[in-house]
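Trainee: The structure that follows is given in the form of structure tokens.
The values are calculated or read from the model by the stated rules, or taken from the named source; none is laboratory data. Just so it is clear, the model here is predicted, and its values are computed rather than measured. All Cβ positions, glycine included, derive from the backbone under ideal geometry; neighbour counts span all protein chains shown.
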């Protein structure tokens, strides 16, 4: 799924209880050694992706053909799952002990199941020389409690897409690069045009952008033991920032009820001057709102005093109950090697997670007359030097976001003051996250 920035948090938390029950009943035994064989005696593995058909059908068919020709004893069955159905489908298959062999997820969701021993431990399966070919900080995103549960695949970094006409109408010559500047620009745009500067969602099950903004503002979310660390001066300042933005009318009311998709719609209808998103959405805007696309430009993503920038990661994991773990690991490494990552990054306008692929001139040079879409590639790639996965890998990361977002909403609506809201969020996380 190319929408890595928006791979939503788990919305069916009740299923996790079912999965936990399954894990306890299974224990932590060895990977099953029984094999899934085709009629000819070849090993067969199943590979799941998210919403990559039909756009990338040719790419994957070619990749699988190449892999099978180099690994005569292995056959790959590619299954593409709709984006909004992946979470339930993988939970169901894992709990029933009938999982695929290689699955495309993101570290945030995958870590919830890694904490329940659902994935194969890859530290003993991936050679050190192969592991060292991936960007170190990106590999770290798929680790939990010191164990590797996933192999990095493709990346995106957030950009600021902005409407040059609306900024000009508001008398703004420079796109904001920090949240401090954003507050000032938001007021100016509202005063001059009556429109909003941007949209960001506070819906707990949607984007983690607000949670990431806390880290960019210098907030430590959890301590080394996993307990809440955000009830701090920096945390209170971050809470207050968003409360003030909402109470001053500088954010659309729908930030409390609508997800990131609504933000795209607002930008396309010229109700907002900026959109913070991945470069993949530039094509969506061009298709849906060509007039807006024609006056759109890009800038690096906004950050806080830390200067940190976000990177969203897609990885591949191998279920512990895979019937073909060795073949699955071999395919996962082939899928994510330098050559294939570079090819997919060019096809999908994303970034690779291997050091060698990222050095390709494709990510550093574009013609002077390059389109905004092509320019975004070099801006995105240049941000990787400062980029990291901003939120910690936790087995219940969805509950951390839920605790903060729901209490932040309460403060925005005047139901709690900031002090009470952040204290309640701290209490909820320490109870739920343990």
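Trainee: Determine if the stretch 245-260 includes at least one residue that is out of contact with any helix residue (DSSP H, G or I) (no Cβ under 7 Å at 6 or more places or on another chain) and within 24 Å of residue 388 (Cα to Cα).
Mentor: yes
Trainee: Still on this structure, please answer the following. So, restricting to helices (runs of 4 or more DSSP H) that lie completely within the stretch 1-99, which ones have at least 1 residues that are surrounded by 18 or more Cβ atoms within 10 Å (Cβ to Cβ) and at pLDDT 50 or above?
Mentor: Details: elements: 14-26, 57-70, 86-95.
Per the criteria, 57-70, 86-95.
Trainee: Within the set of pairs 6+ apart or on separate chains, which have a first residue in the stretch 40-65 that is assigned by TED's automatic domain parsing to the domain that holds residue 101, a second that is surrounded by fewer than 18 Cβ atoms within 10 Å (Cβ to Cβ) and assigned to a loop (DSSP other than H, G, I, E, B), and C-beta atoms under 7 Å apart?
Mentor: 42/73; 43/35; 43/36; 43/73; 44/36; 44/38; 51/82
Trainee: Given 415, 419, which one is at pLDDT 95 or above, outside any helix (DSSP H, G or I), out of contact with any strand residue (DSSP E or B) (no Cβ under 7 Å at 6 or more places or on another chain) and surrounded by fewer than 15 Cβ atoms within 10 Å (Cβ to Cβ)? I'd like the intermediate steps shown before the answer.
Mentor: Values: 419 fails: outside any helix (DSSP H, G or I).
When all the criteria are applied, what remains is 415.
A quick yes/no check of all residues on (1) under 24 Å from residue 157 (Cα atoms); (2) over 23 Å from the mean Cα position of the chain (by Cα); (3) in a loop (DSSP other than H, G, I, E, B):
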residue	(1), (2), (3)
210	yes, no, no
220	yes, no, yes
238	yes, no, no
242	yes, no, no
254	no, no, no
263	yes, no, no
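Trainee: In the stretch 125-132, is there at least one residue being buried (at least 22 other Cβ atoms within 10 Å of the Cβ) and over 15 Å from the mean Cα position of the chain (by Cα)? Show your work before the answer.
Mentor: Going through the stretch 125-132, the residues buried (at least 22 other Cβ atoms within 10 Å of the Cβ) turn out to be none.
No, every residue in the stretch 125-132 fails to be buried (at least 22 other Cβ atoms within 10 Å of the Cβ) and over 15 Å from the mean Cα position of the chain (by Cα).
Trainee: Of the residues in the stretch 282-297, how many are buried (at least 19 other Cβ atoms within 10 Å of the Cβ) and either in contact with a strand residue (DSSP E or B) (Cβ under 7 Å, 6 or more places away or on another chain) or assigned to a strand (DSSP E or B) (or both)?
Mentor: Number of matching residues: 4.
Trainee: Please specify each residue of the stretch 344-379 satisfying the condition of being without any contact (Cβ under 8 Å) to a residue 24 or more places away in the chain, out of contact with any helix residue (DSSP H, G or I) (no Cβ under 8 Å at 6 or more places or on another chain) and not in a loop (DSSP other than H, G, I, E, B).
Mentor: Hits for the stretch 344-379 are 361, 374.
Trainee: So, in the stretch 137-158, how many residues would count as being more than 17 Å from the chain's Cα centre (by Cα) and surrounded by fewer than 20 Cβ atoms within 10 Å (Cβ to Cβ)? I'd like the intermediate steps shown before the answer.
Mentor: Taking the stretch 137-158 first, the residues more than 17 Å from the chain's Cα centre (by Cα) are 145-148.
If we keep only those that are surrounded by fewer than 20 Cβ atoms within 10 Å (Cβ to Cβ) as well, we get 145-147.
Total meeting the criteria: 3.
Trainee: Among the residues that make up the stretch 323-343, is at least one of them assigned to a loop (DSSP other than H, G, I, E, B), in the same structural domain as residue 97 (by TED's automatic domain parsing) and over 23 Å from the mean Cα position of the chain (by Cα)?
Mentor: Taking the stretch 323-343 first, the residues assigned to a loop (DSSP other than H, G, I, E, B) are 323-324, 336-337.
Remaining after also requiring in the same structural domain as residue 97 (by TED's automatic domain parsing): 323-324, 336-337.
Checking which are over 23 Å from the mean Cα position of the chain (by Cα) leaves us with 323-324.
Looking for residues that are assigned to a loop (DSSP other than H, G, I, E, B), in the same structural domain as residue 97 (by TED's automatic domain parsing) and over 23 Å from the mean Cα position of the chain (by Cα), one finds at least one in the stretch 323-343, hence yes.
Trainee: A further question on this structure: I'd like to know if the stretch 363-375 contains one or more residues that are more than 20 Å from residue 297 (Cα to Cα) and surrounded by 20 or more Cβ atoms within 10 Å (Cβ to Cβ).
Mentor: Start the filter on the stretch 363-375 by keeping residues that are more than 20 Å from residue 297 (Cα to Cα), which leaves none.
No, because not a single residue in the stretch 363-375 is more than 20 Å from residue 297 (Cα to Cα) and surrounded by 20 or more Cβ atoms within 10 Å (Cβ to Cβ).
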